[in-house]
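Input: a single structure, listed below in structure tokens.
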Amino acid sequence: MNGAANTLKGLYIPAVLGLAWLAGSHFSLWNSYIIPPPAEVAAAFWQISSDGSLAKHLLTSVYRVFVGFCAAFLLAFPLAVLLGMFSRLSAYFDITLEALRHIPPLATIPMLILWFGIGELPKLMIVVMATFFPIFFNTLHGVASCDGKLVEVARSFGLTRREIFRRVVLPASLPSVMVGLRLGLGYSWRALVGAELIAASSGIGYMILDAQQLSRPDLVIIGILTIGVMGTLIDLLFFALTQRLIPWKVGESTDYGRG
Amino acid sequence: MNRPIMAGVKLTQLSKQYQVAGQPLEAVDNVTTTIEPGSFTVIVGRSGCGKTTLLRLLSGLEQKSAGSIEWLGDGSGGADVKVGVVFQEPRLMPWLTVYENMAFALDKQPDRTLVDRQVTGTLEQLGLTGFRDAYPSQLSGGMAQRVSLGRTLCYDPDLILMDEPFGALDYFTRKKLQRELVDLFLSQHKTIVFVTHDVTEAVFLGQKVLVMEAGQIVREVPIDNPYPRQATDPSLLARQQEILAALEN
């Protein structure tokens, strides 16, 4: 609707914070080691952008999120569909899934390192663990809450079970699935950076940790801002995709699944 | 194609029993009647009298407990009768446009130009051409129910079952759709079984009104007034009194 105006409104707070940062540094309201001035951060940003190290770290992280996210989807989606369609099966899975849901992925890092070393695999597993549940639960909710009256319509037209799944249950649960995917993406970013903080030699999380050890708060700030900006960009992309895939919801609630 | 164009149905001692709180409940109790091919039959009764259950037995959405349902065809001996249902709510797929909803039951038809002709024709017939690409959430209740009727018409059933399809609509929309349904019946020669609790609607639409009470048909009232009917016609009002009297016994 009034998207441009709302985008503008959304930029007020970042602008005020930016100005406060500028002014505070200019008038030396704080120690420049604790909060380095914008110019210094900009110079560092320019330096690591031009030597390609920022791009390298970023690409590594994006790649890990992408692979982990896809793997989580391939695990969570079929299982959720299965349990949603055959609710009798869920008795076998309920307790296990409920217990696993409460374990923060980062808590498993020591074991993952012990079992799989510090290569790519444990980091991807962290992403998968963090992404699995939002996708799983939202898909399950979508499939299980599909309106039985619509299924009945399909039955009255003589559709088979398989056709009913493809033509009624799947599209009916699509909005929920998309919510799960968006939440999952956010979760995978957070978990990944956490994983990279502990055991990695590249990636944005590693970059931040490395900067800490080199006493470079400017690089830490760049790392933090990069995570925020990347997350927002990916989410926007996903939001556009959602609008495309779920045209019948457009206008009903434009910020579908944000939260 | 040796399918019947119209189908009737003969019910013999048809029963449906439910367990409600551990007690058996005869929702449909020993119903025997015949619905002639090409006829317009209305089943009337108060809530819980079993009329919807009877309709669901005919549609195959419920399994009978006892008795028989025998299809009467126009030539094929009643084999493979296509039954279409119009529900009380429109029950449209929210992710499909009006056009796609109408074509919902035609997915297996390989000739898409045939499908297009069928859907476009039905859209026109129901005055929905301008709403072709709208989504159900953008439609009024009356329009949505038209689409629902159109979806069933596109399916081209031999028998149309309608479960209080106009019950949730406002007075004016309901009157309009009743008239349109009569026109459709006259032009398409479909067998229609229509369930309602509205006695006025029953005598306006039906050639035969089956009065149901506690799972049984307590009275069959034939109405041979020609279409289109006037709701104020004294002979219709007399029929209406007769039905009300049967219901109040």
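If the only charges are +1 at each Lys and Arg Cβ and -1 at each Asp and Glu Cβ, what is the size of the charge dipole of the protein assembly as shown around the Cα centre, to the nearest 20 debye?
With Lys and Arg at +1 and Asp and Glu at -1, about 520 debye.
Considering only C-alpha atoms, what is the centroid distance from region B:199-221 to region A:40-118, in Å?
63
Can you tell me the equivalent ellipsoid semi-axes for the protein assembly as shown? Use √(5λ) from the Cα gyration tensor, largest first, whole Å.
Over the Cα atoms of the protein assembly as shown, the ellipsoid semi-axes are 64, 26, 19 Å.
Per the Kirkwood formula on distinct C-alpha pairs, the Rh of chain B is how many angstrom?
Answer for chain B: a Kirkwood hydrodynamic radius of 18.8 Å.
Starting from region B:12-56, pick out the trypsin sites (Lys or Arg not before Pro) whose DSSP state is loop and whose Cβ has at most 14 other Cβ atoms within 10 Å.
For trypsin sites (Lys or Arg not before Pro) across region B:12-56 that sit outside H, G, I, E and B with at most 14 neighbouring Cβ atoms in 10 Å, the list reads B:46.
With angles folded into 0 to 90 degrees, how steeply does helix A:170-198 sit against the dominant principal axis of chain A? Use alpha carbons for both and round to 10.
30
Is there a simple number for the mean count of other chain Cβ atoms within 10 Å of the Cβ of residues in A:152-165, and what is it?
5
Given the whole protein assembly as supplied and a 1.4 Å probe, what does the accessible area of residue B:44 come to in Å², nearest 10?
0
For Cα pairs less than 8 Å apart in space and 6+ apart in sequence, what is the mean separation divided by the residue count of region A:157-257, i.e. the relative contact order in percent?
Contact order relative to length: 26 percent.
Of A:195, A:61, A:170, whose Cα points farthest to the positive end of the dipole of region A:46-248 (charges on the beta-carbon: +1 Lys, Arg; -1 Asp, Glu; origin at the Cα centre)?
Projecting each Cα onto the dipole axis, the largest value belongs to A:170.
Relative to the Cα centre, what is the charge dipole magnitude of region A:46-248, using +1 at the beta carbon of each Lys and Arg, -1 at the beta carbon of each Asp and Glu, and rounding to the nearest 20 debye?
Dipole size: approximately 660 debye.
Could you grab the relative contact order for chain A? Cα pairs under 8 Å, six or more apart, rounded to a whole percent.
Over chain A, the number comes to 23 percent.
Could you point to the residue in B:247, A:133, B:130 farthest towards the positive end of the protein assembly as shown's charge dipole, with +1 and -1 charges on the Cβ of Lys/Arg and Asp/Glu respectively?
Highest projection toward the positive end goes to A:133.
Of B:6, B:93, A:129, which has the most accessible area with a 1.4 Å probe, and how do the rest follow in descending order?
Output order, biggest surface exposure first: A:129, B:6, B:93.
What's the angle, to the nearest 10 degrees (0 to 90), between helix A:90-101's Cα axis and the longest principal axis of chain A?
10
Once ligands and nucleic acids are excluded and a 1.4 Å probe is used, how much of residue A:33 is accessible, expressed in Å² to the nearest 10?
130
For B:82-92, what's the mean count of beta carbons from other chains sitting within 10 Å of each residue's beta carbon?
3
Using Cα-Cα distances under 8 Å and only pairs 6 or more residues apart, what relative contact order does region B:1-148 have, in percent?
24
Need one number: % antiparallel among DSSP beta bridges in the protein assembly as shown, to the nearest 5.
Counting DSSP beta bridges with both partners in the protein assembly as shown, the antiparallel share is about 55 percent.
Any lysines with Cα under 20 Å of the residue A:123 Cα? List them, leaving off those in the same chain fewer than 8 positions away.
Of all the lysines, those that pass the test against residue A:123 - Cα under 20 Å, at least 8 places apart if same chain - are A:56.
Go ahead and set up a Gaussian network model of chain B, Cα springs under 10 Å, then flag whichever of B:19, B:63, B:145 fluctuates most.
B:19
Angle check, please: helix A:38-50 long axis (alpha carbons) against the longest principal axis of chain A (alpha carbons), in degrees 0 to 90, nearest 10.
70
Going by average Cβ density within 10 Å per residue, which order do the peptides B:219-228, A:59-68, A:4-13 take, highest to lowest?
A:59-68, B:219-228, A:4-13
Bin all alpha-carbon pair distances of region A:101-215 at 10 Å intervals from 0 and give each bin's fraction as a whole percent.
14, 30, 22, 16, 12, 5, 1
Just from its helices, what would the mean residue ellipticity at 222 nm be for chain B, if runs of 4 or more DSSP H residues each count -39500 (n - 2.57) and the sum is divided by every residue, rounded to the nearest 500 deg cm²/dmol?
That comes out to -10000 deg cm²/dmol.
Quick one: dipole size for region B:103-249, taken about the Cα centre, charges +1 on Lys/Arg Cβ and -1 on Asp/Glu Cβ, in debye to the nearest 20.
Magnitude of the dipole: close to 300 debye.
According to the square roots a ≥ b ≥ c of the eigenvalues of the Cα gyration tensor, what is the shape class of region A:180-237, taking rounded for a/c under 1.5, prolate for a/b larger than b/c otherwise, and oblate for the remainder?
Here region A:180-237 falls in the oblate category.
Among B:230, B:8, B:97, which residue has its Cα positioned farthest towards the positive end of the charge dipole of chain B, with +1 placed on the Cβ of Lys and Arg, -1 on the Cβ of Asp and Glu, and the dipole taken about the Cα centre?
Toward the positive end, the furthest listed residue is B:97.
From the helices alone, meaning DSSP H stretches of at least four residues, give me the mean residue ellipticity at 222 nm for chain A, per-run term -39500 (n - 2.57), in deg cm²/dmol to the nearest 500.
Helices in chain A give a 222 nm mean residue ellipticity of -25000 deg cm²/dmol.
What's the Cα-based Rg to Rh of region A:46-248, Rh via Kirkwood?
Taking Rh as the inverse mean 1/r over Cα pairs, Rg/Rh reads 1.07.
The values are calculated or read from the model by the stated rules, or taken from the named source; none is laboratory data. Computed from a predicted structure; not experimentally measured. Don't worry about glycine lacking a Cβ; one is built from the backbone with ideal geometry, like all the others, and counts go over all protein chains shown. Only protein heavy atoms, including side chains, enter the accessible area calculation; ligands, DNA and RNA are left aside. Shrake-Rupley method; radii C 1.70, N 1.55, O 1.52, S 1.80 Å.
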